[in-house]
Amino acid sequence: MDEDRSAVGSVVGAVSPATASEAKAADTEAAAITRSQRHASALWIAVVPTIFLAVFFGWPLVTMLRRGLAWSAFSSVLGDSGIRSVMWFTAWQAVVSTFATVVLGVWPAYVLARYRFTGRRALSALLAVPFVLPTVVVGLAFLALLPDSWRRSVPAILVAHVWMNVAVIVRTVGSFVSQLDPGLEDAAATLGASRWKTLRHVVLPLTKGAILGSVAIVFLFCFTSFGIVRILGGPAHPTLEVEIWRRTTQSLDLSTAAALSVIQLVLIVGALSIWTWRQRRAASGPVAMRTRTAFRTASSRTESLAVAVTAVVAAAFVLVPVGRLVAQSMQSSRPGNPLAAWQAIVHSDLGASLWASARVAAGAVLVATAMGALASIAIAGNPRAGALLDAGLMLPLGTSAVTIGFGLLITFDHPPIDLRGSWVMLPLGHALVATPFVVRAVLPTLRGIDPDLRHAASTLGARPWQVWRNVDLPVLRRALIVGAGFAAAISLGEFGASSFLARSGTETVPLAIARLLGRPSKLNLAEASALATVLMVVIVAILLILDRQPGGIGQSDVHRRRARPARVARTEVSR
Amino acid sequence: MKRRTPLVLAATVVLAACGSSTSRSTGSATTTAVAVTTPGSTLAGSSAPSVAAGSVTLKLLSYDAYVLPDSVKQFTAATGIGVEFVKAGADAGTLVNSAILTAGKPQGDVLFGIDNTLLSRGVTSKGLFIPYRSKESANLDQTATALVPGHEVTPIDTSDVCVNIDTSYFTAKGLTPPATFDDLVKPEYKGMLVVENPGTSSTGLAFMLATVAKYGPDGFAAYWKQLRGNGVVAVDSWDDAYFNEFSQGGSGGKLPIVVSYATSPPYPLVTGDEPRPTVPTTANLPDTCFRQIEFAGILDGSKHVAEDQQLVDFLAGRPYQESLPLSNFVYPIRADATVPDVFTKYATLSPKPWSVSPGDIAKNRDAWIETWTKTVLR
Amino acid sequence: MTLRAIGITVRFDQRLILDDVDLSVDDGEIVALLGPSGSGKSTLLRVIAGLLRSESGTIRWDEQDLTALPPHRRQIGLVFQDEQLFPHLDVAGNIGFGLRMARVPRRRIAERTDELLHLVQLEGFGHRSIHELSGGEAKRVALARALAPSPRVLLLDEPLTGLDRELHDQLVVELAAILRSVGTTAVHVTHDVDEAKSMADTVLTMGDLRRDRPSA
């Protein structure tokens, strides 16, 4: 794989079509027969992630729902016009947000993947920043920037959703595009297609699968939006997530909360099934994939201008709210000392909460990476059962944080698993959310490994575990790092589930930010902004370091010699 | 934590491995308890008095914003009992509801932070608290102790939710600031007030209850209708109201009137490094206050009831009570506790606070919130 | 010592790929197996290597029944048409792979690797990345890798397909010489008659292997 694969990248679809395995056009029949016999073999590996999901998600969820579930609640919930409008609003804002994110994200994704320009990598890492920012901080930045008429309005929600999720599209779709053979585009050009037509009729259709893969994640994020909706939309526009939280933590109306949770789950499962089905249909067959990123140089002035404008707009889009926060960290109302807040956090909160965040993130990354890797192996080996596991692992993303959080509390309160007050709850909760990202990152690469590569090892005397250790693992190393980067970003920024768990001594940075914003002082606001700035710097640093990991190896290398050397004019191949 | 199934082992071994190094950073395992970084105050890590091996460490559950005052060290020094602060919810509602859900198998030993708006829910919830009549009971505010005749919980502190104003704004405009509920619906204050949603914010709930107390259960909706007509802005949480909308929040908010706490004005004067501001830029309006009382109780299922009782007595005792104002920005519940000057000067409690009995709150809260929502949001 | 495949039948998607096929290869014999695409040559190799289970039939090495053995315990080498070199290992790492799996001491692996690099005329290539190899060099590394653990039988699945004519012809000569110098038993699958003739002691077509339909 190329050095330009970003760490938070490669989240190509779960049932992603057009990955390298299909690029293997000249698949021999013998190889196909061999593959058809391999399916059952990986099924047992699914046991571990399935148990993880069942124990730490399914069980708490069921325990929590059983506390409140009453059939009568459904009729009263569905009969309540207020709740019906909440359901309607939740669904449509998620669809519109997702749609807007995709529409606005695809072009920058293409530009970042295809054109080389100064600051490209930095921009790529920067785009992950919204992932680690607690929503309360995002709300602060946006409210200060948006026009007055947009305060507490639906458009404000949509803008923030796009801001937070465009990175998912840019990084996932971008990593796919970067491996798409630019020869295809050159071919279209020789056939008389303009750049625009090439994008419209060649690149976009080929990328459809990758786009769909990330759409599910964006949709789930927007569907279960909590902080953004509360702050930017104001109290008049709650989502189901907000209502479930309110019924559970404020009014202790568990039966309504349970009914709403079930409804939310049903809607999510419905959406995921459509998604799985669409993904299958989007499978477009073999695509010529390249081993390394192939950059274009703009061929016309219009093209260069378009690239430059895109880069600048994307950078500004991310940086303006970020800049606002940094500026905020210097406004502490301490005359003559703009760094008062920074001194304050260095003296008190910074070290401890960074350490807590690092610890939790390390735990979450380990668990999520292990579970994601095992799940990916199982999913890749068993198309049908695998799709089920894949969708199942997505469910925590679509389940309300309070349900998961309280569920964990009331489930693991006695031996053999008594986690009361234990900080271990945090990484476990985070890992539930991060695992599907790891799957997204690992699966395409895993699917891209030619089974014959493993066969070659076994004919050389490698036992099955040796094949895994000596072939799969090294080849997956890069993708695992990518997944780990995602998991780190998720964990560092997670606030929802964390805030519902009983925690002693563990105050992660997002929790420290929330606590600082619990007291009426400009200094506290500046300190919170400073902590948020630190969080952003940390994630950008992590991603830049991960991006620099030497000699990544990935699916494409495996097929290197098959890919034709598309060293066509106007296409230069990076190292 | 001692016995686990092998399945969980896989996931937790790694975590446990990471965890072990934490206690090292804060001294021995027993002192970790007192050494929990207390937000806002200095961290007391290794300087905490060491506790005899084998002694008990109690887990004190509270909401995230609670600050464990340094005075707790005196308790540990005197009794040998450690105290560990366990954060158990972003707000009091979450704290109490999660305690009710985990009743019988609590996350800790003593819960602090249930207030009079949640009191009935907690006290009537079966098997949540073990009643205990504190030795300090006689020294506590009797209107507060009267709220819990069964001694399920013990009152610890009090404060008011009041309308706060940006004094500099009114000075600059040469405008007389509002003083009463009735003032807030006057046209000269149109579009100046931000309040919190009582459905999602305990501050908002307290303020709504104040209007219920003032205008009656049947009249408060009409008052809110007027407020709405006068351009009241409602947001979901206190921090949202204060930092995003209030003109003294520091983030460019434009509204000079906010629902906050009686103790909010002096907060910036006592926090952070020198030089600090010396005069508040905000003030509370004593005619608009709802009295909040916070209680502590021993959780049923605690294994250390005798020690829990000692802790509750300590929380109600003078050293802790006197450390409350500058750590948690609340007033002591003991009349004999001294309060810092900055409080008496800038954070005076209302002489005539509004109140609604916990029983009435429990009975009507959902209906009142529903009325409020219909009147203000729809 | 003889490798025997007896009565091998493979069905895929209801279609008979191999129908009751027999193959016998004597010790040191090089058999070339000819047949058009889709005639099941590669499938037969995979059954012999243990990568694919047949519906019926047995694989024997003398008296030993290999049918139930997994590929890593058969000691049968396979050279893939597309080499399948490990992308994360250099040339020496690829060649030494089988010996490492067998836990051969490191020094011995280095010696053996050098031997094989010499045999395939790639001295000094040990630390090259496999991405830097030309088509012909990659083929030689694949051959050396398969020979390194000294398999009982070497299977070659169209190893010279996809090369340009000149290189192809040159490698045919080299490959034949290498196989003879090593003295290995080999089954070489190809669709190129000339290649088959110049490599093998015995040339068979897939049709020859059908029990019920003796050679046409």
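Scan region B:237-248 for residues that are within 21 Å of residue A:229 (Cα to Cα) and either of a type outside the set (D, E, K, R) or more than 10 Å from every other protein chain (Cβ to nearest Cβ) (or both) and jot them down.
Our first condition is that a residue be within 21 Å of residue A:229 (Cα to Cα); within region B:237-248, this holds for B:237-246.
Residues satisfying the conditions are B:237, B:238, B:241, B:242, B:243, B:244, B:246.
Within region A:62-107, how many residues turn out to be under 22 Å from the mean Cα position of the chain (by Cα) and either closer than 16 Å to residue A:247 by Cβ or of a type in the set (Gly, Ala, Ser) (or both)?
Kept after step one, since they are under 22 Å from the mean Cα position of the chain (by Cα), are these residues of region A:62-107: A:90-107.
Those still in the list that are either closer than 16 Å to residue A:247 by Cβ or of a type in the set (Gly, Ala, Ser) (or both) too: A:90-91, A:94, A:97, A:100, A:105.
Count: 6.
Taking into account only those residues within region A:300-334 that are over 22 Å from residue A:534 (Cα atoms) and polar (S, T, N, Q), which is modelled with the highest pLDDT? If you could, list the steps in order and put the result at the bottom.
First pass over region A:300-334, keeping only residues over 22 Å from residue A:534 (Cα atoms): A:300-313.
Applying the additional criterion that residues be polar (S, T, N, Q) yields A:300, A:302, A:304, A:310.
On the way: A:300: 81, A:302: 85, A:304: 88, A:310: 91.
Across region A:300-334, the extreme among qualifying residues is A:310.
Please indicate, with yes or no, whether at least one residue in region C:110-119 is in a loop (DSSP other than H, G, I, E, B) and either within 17 Å of residue C:172 (Cα to Cα) or more than 10 Å from chain A (Cβ to nearest Cβ) (or both). First the steps, then the outcome.
Taking region C:110-119 first, the residues in a loop (DSSP other than H, G, I, E, B) are none.
No, the conditions are met nowhere in region C:110-119.
Does residue B:232 fit the bill of being more than 9 Å from chain A (Cβ to nearest Cβ), more than 21 Å from residue A:521 (Cα to Cα) and in contact with a strand residue (DSSP E or B) (Cβ under 7 Å, 6 or more places away or on another chain)? It would help to see each step written out before you state the result.
Details: more than 9 Å from chain A (Cβ to nearest Cβ): yes; more than 21 Å from residue A:521 (Cα to Cα): yes; in contact with a strand residue (DSSP E or B) (Cβ under 7 Å, 6 or more places away or on another chain): yes.
Answer is yes for this residue.
So which of C:207, C:183 is at positive phi and not basic (Lys, Arg)?
Working: C:207 fails: at positive phi.
When all the criteria are applied, what remains is C:183.
Just give me the residues in region A:452-466 being over 16 Å from residue C:146 (Cβ atoms) and facing another protein chain (nearest Cβ under 9 Å), in sequence order. Walk me through how you get there before you give the answer.
Step one: list which residues in region A:452-466 are over 16 Å from residue C:146 (Cβ atoms), which gives A:463-466.
A:463, A:464, A:466, listed by residue number.
Assess whether residue B:83 counts as being within 14 Å of chain A (Cβ to nearest Cβ) and either part of a strand (DSSP E or B) or more than 18 Å from residue B:330 (Cβ to Cβ) (or both). Break it down stepwise before answering.
Numbers: within 14 Å of chain A (Cβ to nearest Cβ): yes; either part of a strand (DSSP E or B) or more than 18 Å from residue B:330 (Cβ to Cβ) (or both): yes.
Spelling it out, residue B:83 is indeed within 14 Å of chain A (Cβ to nearest Cβ) and either part of a strand (DSSP E or B) or more than 18 Å from residue B:330 (Cβ to Cβ) (or both).
Could you figure out which of (1) in contact (Cβ under 8 Å) with a residue 40 or more places away in the chain; (2) in a helix (DSSP H, G or I); (3) surrounded by 24 or more Cβ atoms within 10 Å (Cβ to Cβ) isn't true of residue B:120?
Tallying (1) in contact (Cβ under 8 Å) with a residue 40 or more places away in the chain; (2) in a helix (DSSP H, G or I); (3) surrounded by 24 or more Cβ atoms within 10 Å (Cβ to Cβ), residue B:120 fails exactly one: (3).
Any chance region B:210-228 includes a residue that's within 14 Å of chain A (Cβ to nearest Cβ), of a type outside the set (Ser, Thr, Tyr) and under 30 Å from residue A:331 (Cβ atoms)?
Narrowing region B:210-228 to residues within 14 Å of chain A (Cβ to nearest Cβ): B:224, B:228.
Keeping just the survivors that are of a type outside the set (Ser, Thr, Tyr) gives B:224, B:228.
Keeping just the survivors that are under 30 Å from residue A:331 (Cβ atoms) gives none.
No, every residue in region B:210-228 fails to be within 14 Å of chain A (Cβ to nearest Cβ), of a type outside the set (Ser, Thr, Tyr) and under 30 Å from residue A:331 (Cβ atoms).
Does residue A:329 fit the bill of being outside the structural domain of residue A:258 (by TED's automatic domain parsing), closer than 30 Å to residue B:279 by Cα, among the small types (Gly, Ala, Ser) and without any contact (Cβ under 8 Å) to a residue 24 or more places away in the chain? Talk me through it step by step, then tell me what you get.
On the way: outside the structural domain of residue A:258 (by TED's automatic domain parsing): yes; closer than 30 Å to residue B:279 by Cα: yes; among the small types (Gly, Ala, Ser): yes; without any contact (Cβ under 8 Å) to a residue 24 or more places away in the chain: no.
Considered against the rule, which asks whether it is outside the structural domain of residue A:258 (by TED's automatic domain parsing), closer than 30 Å to residue B:279 by Cα, among the small types (Gly, Ala, Ser) and without any contact (Cβ under 8 Å) to a residue 24 or more places away in the chain, residue A:329 comes out as no.
Just the residues that are touching a Ser or Thr at 6+ places or on another chain (Cβ under 6 Å) and of a type in the set (Asp, Glu), please, taken from region A:132-185.
Within region A:132-185, A:185 is the sole residue that qualifies.
Residues that are polar (S, T, N, Q), at least 1 per element: which strands (runs of 3 or more DSSP E) completely within region C:126-216 meet that?
Values: elements: C:153-157, C:185-190, C:202-205.
Here the list reads C:185-190, C:202-205.
Name the single residue, out of those in region A:404-444 being at the interface with chain B (Cβ under 10 Å from one of its Cβ atoms), assigned to a helix (DSSP H, G or I) and of a type in the set (Gly, Ala, Ser), that is nearest to residue A:499 (Cα to Cα).
Result: A:405.
Here are some conditions: (1) surrounded by fewer than 20 Cβ atoms within 10 Å (Cβ to Cβ); (2) more than 25 Å from residue C:2 (Cα to Cα); (3) touching a strand residue (DSSP E or B) at 6+ places or on another chain (Cβ under 8 Å); (4) not hydroxyl-bearing (Ser, Thr, Tyr). Residue C:160 meets all but one. Which one does it not meet?
Every condition holds for residue C:160 apart from (1).
Residues of region C:1-56 being surrounded by 17 or more Cβ atoms within 10 Å (Cβ to Cβ) and β-branched (Val, Ile, Thr), which ones?
Within region C:1-56, C:8, C:10, C:17, C:21, C:25, C:30, C:31, C:43, C:47, C:48 meet the criteria.
Which one of B:264, B:251 is buried (at least 24 other Cβ atoms within 10 Å of the Cβ), facing chain A (nearest Cβ under 7 Å) and either of a type in the set (Gly, Ala, Ser) or in a helix (DSSP H, G or I) (or both)? If you could, list the steps in order and put the result at the bottom.
Details: B:251 fails: buried (at least 24 other Cβ atoms within 10 Å of the Cβ).
The conditions single out B:264.
Name the residues in region C:119-138 that are without any contact (Cβ under 8 Å) to a residue 24 or more places away in the chain and exposed (fewer than 12 other Cβ atoms within 10 Å of the Cβ), would you? If you could, list the steps in order and put the result at the bottom.
Of the residues in region C:119-138, the ones without any contact (Cβ under 8 Å) to a residue 24 or more places away in the chain are C:123-124, C:132, C:134, C:137.
C:123, C:124, C:132, C:134 - these are the residues of region C:119-138 that are without any contact (Cβ under 8 Å) to a residue 24 or more places away in the chain and exposed (fewer than 12 other Cβ atoms within 10 Å of the Cβ).
Would you tally the residues in region B:325-352 being closer than 22 Å to residue B:146 by Cα and either surrounded by fewer than 17 Cβ atoms within 10 Å (Cβ to Cβ) or in contact (Cβ under 8 Å) with a residue 40 or more places away in the chain (or both)? Steps first, answer last, please.
Here is the first cut: in region B:325-352, the residues closer than 22 Å to residue B:146 by Cα are B:330-337, B:349-352.
Right, trim to either surrounded by fewer than 17 Cβ atoms within 10 Å (Cβ to Cβ) or in contact (Cβ under 8 Å) with a residue 40 or more places away in the chain (or both) and you get B:330-336, B:349-352.
So the answer is 11.
Collect the residues in region A:489-498 that are facing chain B (nearest Cβ under 10 Å) and buried (at least 24 other Cβ atoms within 10 Å of the Cβ), keeping them in residue-number order.
Answer for region A:489-498, where residues must be facing chain B (nearest Cβ under 10 Å) and buried (at least 24 other Cβ atoms within 10 Å of the Cβ): just A:498.
The values are calculated or read from the model by the stated rules, or taken from the named source; none is laboratory data. As the structure is a computational prediction, the values presented were derived from the model and not from experiment. Methodologically, a virtual Cβ is constructed for each residue, glycine included, from the backbone with ideal geometry; neighbour enumeration extends over all protein chains shown.
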